[in-house]
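Next up is a structure, given as structure tokens.
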Amino acid sequence: MKRNYPKVVISKEGEQWLDKGQMWMYRNNLESMDEDIENGALVDIETRQGRYLGTGFLSKNSHITVRILSKDLNDTFDRKFFKQRIQFAYQFRKTLEADNITNCRLIFGEADQLPGLTVDRYNDILVTQISSYGLEMIKDMIYKLLLEVLSEDGQDVKGIYERNDIKVRSKEGLPLEKGYWKNAQLPTKTVINENGLKLNVDVENGQKTGYFLDQKSNRVLLRNMSHGKRVLDCFSHTGGFALNAAFGNASEVVAVDVSQTALDQGYANAKLNHLEDKITFVKDDVFDYLDKCEEGRFDIIVLDPPAFTKSRRTIDHAYNGYKKINMKAMKLLGRGGYLITCSCSRFMETDNFEKMLRESAHEVGVTLKQVSVTQQNHDYPILWTMEETSYLKFYIFQII
């Protein structure tokens with residue numbers, strides 16, 4: 001088949017990575033390309049010997065030089081191609097997230113073979129983030145296809161809100177901005193239903209695209225074990241875990257966060273569900289709060305901190321932070337208590353996180369009895385050929 005796309009030549013090392021399934025070509029693996037190729041253009045990746053390895057969007061500014069769309073020489077990257085990709089991603093959610101189809105991640109970038117695109121749905125609002133220069137150039141077509149695919153299934157979507165205020169766009173040479181596509185005049189706040197709980201979502205100012213959807217199923221695990229228990233939700237943010245504990249008839253729930261804004265939002269969510277009398281919201285540094293608690297004060301402690309590291313350079317610092325907080329919780333729980341602990345940083349790899357947990361338990365003098373090990377929710381699928389798609393680690397232990 002004759003190809004009309006410009007060529008970039010990859011190094012031997014890069015060739016090996018792509019053969020293993022990686023869908024990114026890095027700058028340090030670029031051997032040569034025509035400097036006249038337009039930024040954001042579709043390019044074919046070839047070896048020195050001319051072997052085809054894939055086609056993707058070129059980024060002249062990013063360390064990720066090419067985000068690969070396909071490794072099939074027969075693919076044509078037209079409207080039909082992108083619609084099929086969107087349909088495939090949507091059908092995956094319909095299969096696994098049928099009860100949350102109006103409250104889920106519809107597109108998870110590389111894991112859905114749409115690199116650089118994130119799409120979350122909150123009722124009749126889609127929230128998008130684009131981190132690829134090439135995708136930005138065709139976003140109008142992508143947005144129209146998203147609306148078309150959902151409409152064909154009878155789904156009502158009124159607008160697309162762009163949360164393109166993420167720092168990675170700067171690395172692509174793209175502006176940081178946010179607002180409704182085509183300047184639609186629509187609300188930026190909505191109330192979603194997550195497994196029976198009502199939650200306020202602010203798509204303009206909320207974290208990420210408005211809310212953390214990736215812990216939906218994990219929060220239910222806490223709900224199911226909370227009956228009659230005293231629960232401490234550390235780094236509670238807007239109260240996702242605390243709300244589920246209260247909804248699960250915990251005898252007491254305390255939510256601790258250093259941000260008063262987050263606590264106010266958590267209280268608003270509690271009030272929305274008539275749970276405000278069942279949760280105590282405390283403004284404090286979690287490390288300091290745990291120092292003030294007596295052993296046995298809580299039956300369940302949830303540790304859901306923000307990412308302690310966002311790069312490999314700060315792994316050691318993050319390791320010590322995770323270890324410190326987990327040791328404090330293990331000491332407080334005592335025999336029979338339950339520890340729920342997680343990391344949302346992909347750079348804190350599973351083996352390293354588990355090593356930290358083993359060290360913490362050994363130094364505290366307790367044994368961890370595993371209850372459950374999970375990851376991010378189903379609508380954040382993981383490609384086994386791309387470790388970058390796997391980031392959330394979620395563990396439940398009983399302390400004995």
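Every number in this text was worked out from the coordinates using simple rules, so none of it is lab data. Everything quoted here is computed from the prediction, not taken from an experiment. Because the Cβ atoms are built from the backbone with ideal geometry, glycine has one as well, and the counts that use them run over all protein chains shown.
Pairs K271/K331; K20/K328; K208/K393; K12/K355; K216/K271: which are spaced more than 30 Å apart, C-alpha to C-alpha?
K271/K331; K20/K328; K12/K355
Something else now. When the Debye formula is applied to the Cα atoms of the range 214-399, each taken as the same point scatterer, what base-10 log of I(q)/I(0) results at q = 0.16, 0.18 Å⁻¹?
-0.99, -1.25
Another question, then. Quick one: give the max-minus-min coordinate of the C-alpha atoms of the range 150-305 along each principal axis, largest first, in Å.
Here the Cα extents, ordered largest to smallest, are 55, 37, 22 Å.
Sticking with this one: Where q = 0.17 Å⁻¹, what log10 of I(q)/I(0) comes from the Debye formula for the range 79-193, counting one point per Cα?
Taking Cα atoms of the range 79-193 as identical point scatterers yields -0.82.
If you don't mind, another one. Treating cross-link reach as a plain straight distance, find the lysines whose alpha-carbon is under 20 Å from the alpha-carbon of K60, omitting any fewer than eight places away in the same chain.
Cα-Cα hits under 20 Å: K7, K139, K167, K171.
Given the -39500 (n - 2.57) contribution per DSSP H run of 4+ residues, what per-residue ellipticity at 222 nm results for the chain, rounded to the nearest 500 deg cm²/dmol?
Per the formula, -9000 deg cm²/dmol.
Dividing the alpha-carbon radius of gyration of the range 7-70 by 2.2 N^0.38 Å (N being the number of residues), what value is obtained?
In units of the 2.2 N^0.38 Å rule of thumb, it is 0.95.
For a protection proxy built on the mean count of beta-carbon atoms within 10 angstrom, sort 234-247, 173-186 highest first, please.
Descending mean neighbour count gives 234-247, 173-186.
Let me ask something additional. When the Karplus curve 6.51 cos²θ - 1.76 cosθ + 1.60 is applied with θ = phi - 60°, which whole-Hz ³J(HN,Hα) does each residue of the range 4-15 get, with x for Gly and Pro?
After applying 6.51 cos²θ - 1.76 cosθ + 1.60, I find 10, 7, x, 10, 10, 9, 9, 6, 4, 5, x, 4 Hz.
Separate question: At a Förster distance of 35 Å, what's the computed FRET efficiency of V168 paired with D285, Cβ-Cβ distance as r, to 0.05?
That gives a FRET efficiency of 0.75.
To continue, here is another question. Which cross-chain or sequence-distant (5 or more) residues have an amide H under 5 Å from the amide H of Y391, H modelled 1.01 Å from N in plane?
Q376
Give me the angle, in degrees from 0 to 90, between the Cα long axis of helix 260-272 and the longest principal axis of the Cα atoms of the chain, rounded to the nearest 10.
Taking Cα atoms only, the helix is inclined about 80 degrees.
Taking only Cα atoms, what is the 0 to 90° angle, nearest 10, from helix 139-152's long axis to the longest principal axis of the chain?
Rounded to the nearest ten degrees, it is 70.
Quick one: E363, E388, E46, E35, fewest Cβ neighbours within 10 Å first, how do they rank?
E35, E363, E388, E46
What net charge is computed for the residues neighbouring N164, neighbours being all others with C-beta under 10 Å from the C-beta of N164, Lys and Arg scored +1, Asp and Glu -1?
Local charge sum for N164: 0.
Once amide H atoms are placed 1.01 Å from N in the peptide plane, what residues at a sequence separation of 5 or more from Y180, or on another chain, have their amide H within under 5 Å of its amide H?
Residues meeting the criterion, in which the H sits 1.01 Å from N, are E162.
State the extension gain, in nm to one decimal, for the chain segment bounded by D264 and T385, taking 0.36 nm per residue of separation less the distance between their alpha-carbons.
Computed gain between D264 and T385 is 39.5 nm.
Rounded to the nearest 20 Debye, what is the dipole magnitude of the chain about its Cα centre when Lys and Arg each give +1 and Asp and Glu each give -1 at the C-beta?
Dipole size: approximately 340 debye.
Can you tell me the 0 to 90 degree angle between the C-alpha axis of helix 216-225 and the longest principal axis of the chain, rounded to 10?
Roughly 20 degrees, rounded to the nearest 10.
Taking 0.36 nm per residue of separation and subtracting the Cα-Cα distance, what length does fully extending F88 through D351 add?
Answer, rounded to one decimal: 91.5 nm.
Assuming R0 = 30 Å, what is the FRET efficiency of A98 and K208, from their Cβ-Cβ distance, to the nearest 0.05?
For R0 = 30 Å, the calculated efficiency reads 0.80.
Within a 10 angstrom radius of the beta carbon, how do R312, R219 rank from fewest other beta carbons to most?
R312, R219
Around N244, with a cut-off of 13 angstrom between Cβ atoms, what is the net charge of the other residues, counting Lys and Arg +1 and Asp and Glu -1?
Taking every other residue near N244 into account, the sum is +3.
Another question, if that's okay. Using Cβ contacts closer than 10 Å as the measure, can you line up S372, S226, S11 from fewest to most?
S372, S11, S226
Could you pull out which residues in the range 52-80 have an amide N less than 19 Å from a spot 7 Å beyond the Cα of A307, following the Cα-Cβ vector?
62-65, 67
Let me ask you something else. With a sphere of radius 12 Å drawn around the Cβ of L197, what net charge do the other residues whose Cβ falls strictly inside it have (Lys, Arg +1; Asp, Glu -1)?
+3
Given R₀ = 35 Å, FRET efficiency for V371-D19 by Cβ-Cβ distance, to 0.05?
It comes to 0.35.
Put a dot 7 Å past each Cα toward the Cβ at A41 and N224; how far apart are the dots in nm?
That separation, rounded to one decimal, is 5.3 nm.
Cα atoms only, the chain: Rg and Dmax in Å?
In Å, with Rg to one decimal and Dmax whole: 22.8, 72.
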